[in-house]
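**Q** I'd like to ask you about the structure that follows.
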Amino acid sequence: MRLPAITLKKPILVLVTCYSILLALAANSESAPPDAPQLQQRMLELIDYVDSPEYQSVSTWYEHVVLAYNLALGRNPEVLEAVLLTELHHSIGLPRSAVLSVALRGKQFSPSWARIRGFINKVNKRDFVPDPAIRNEAKKLQTIPKTQIRQLLNNYLTQYAVPPAADNQPLL
């Protein structure tokens, strides 16, 4: 199942990703701490690195997704999280930095300054190296059958979506 292709220039996506993190921080109800410029600068350095050819040469897309979630949230991505991010990557060129942004947000609209500070204080670009456990999890995610993904999606929609009218049938 592929989303419709939309052609965008990659530099625009990278720029949007960078500013989405920074704007989310600025929009946060919490006022900016005194070290906000340093935090923003260090995040921009990480963003540049995860979107660099150097990093892309040492990790696959799925390895990056698993690694970003592990570094940001201390857990592996759920199957549907990984699938959605991958489909966005294939269809519109979602950059790796956007995966990091999504992972840092977790279930919140935006990351708090405290979350960003905690992340920056424990993670640097040398941490973005997939180990055997990350590679194994990435391989598992990459080989999940489409039928299982559809079932997970249907379960999710059943749980969270508004039920269709009696005469409408689900599309999946």
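Just so you know, all these numbers are worked out from the coordinates, no wet-lab data involved. Everything numeric in this text was worked out from a predicted model, so none of it was measured. Counting neighbours? That spans all protein chains shown, and the Cβs are built from the backbone with ideal geometry, glycine included.
**Q** Quickly work out the Asn154-to-Val58 label distance, labels modelled 7 Å from Cα along the C-beta direction, and quote it in nm with one decimal.
**A** Each label point is offset 7 Å from its Cα along the Cβ direction, giving 4.3 nm.
**Q** Semi-axes of region 10-159's equivalent ellipsoid from the Cα gyration tensor, sqrt of 5 times each eigenvalue, largest first, rounded to whole Å?
**A** Whole-Å semi-axes of the equivalent ellipsoid: 26, 18, 14.
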